[in-house]
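Okay, structure first, notes after.
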Amino acid sequence: MTVCILLLTSVTVSAAEQAEEKGAGAPDQGQLEQKFAEQMSGATLIGHFSVDGKQNGKPPREERYEIASAKKLQGDQWLITARIKYGENDVNVPMPLNVFWAGDTPVISLTNLTIPGLGTFTSRVMFYEGRYAGTWQHGQVGGNLWGKIEYANQKSEPQEEK
């Protein structure tokens, strides 16, 4: 019995020490939010989207979203201003939405957000290591989306002609 108690105690202490070591280098929530705001401001999402039941052997459609800014408001509420090209529309839209965190991974969550002139949308999109992936819904139509994130500091400046 004593050996069992000693073994349990040493395993518990070891697990606690490992958790402390792991947590020591982990960024705090404020740092994660600041990094997300900085990285997303000026970023471009470049990828594809699918439409459920509409593939018919066709490749997924291309999409591109230019994020002008990402600002935390309060709690989980953020204001993301994005240039949205959808059909014949090409507009800059400030969107109040929630950003939730799965550990160090931000997940944008919007539910039944009406964008004037475009319609009502629901979406869940996660961002990690220069990529994004998620789901979208627009009325009865929905699907998946995925792609790369081109951060503002990665964009090449146009070369001047000599």
Go through the stretch 122-154 and report how many residues are touching a residue at least 40 places away in the same chain (Cβ under 8 Å), hydrophobic (A, V, I, L, M, F, W, C) and touching a Leu at 6+ places or on another chain (Cβ under 8 Å).
2
Report the residue count in the stretch 119-143 for those that are on the phi < 0 side of the Ramachandran plot, modelled with pLDDT under 95 and loosely packed, with under 15 Cβ neighbours inside 10 Å.
3
Test: V107 is modelled with pLDDT of 95 or more and part of a strand (DSSP E or B):
yes
For the stretch 97-110, indicate whether the set of residues that are touching a helix residue (DSSP H, G or I) at 6+ places or on another chain (Cβ under 8 Å), free of Cβ contacts under 8 Å to residues at least 60 places away in the same chain and under 30 Å from P27 (Cα atoms) is non-empty.
no
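The values are calculated or read from the model by the stated rules, or taken from the named source; none is laboratory data. The shown structure was predicted, so the numbers you read here are calculated from the model rather than taken from an experiment. Note: ideal-geometry Cβ built from the backbone for every residue, glycine included; neighbour counts use all protein chains shown.
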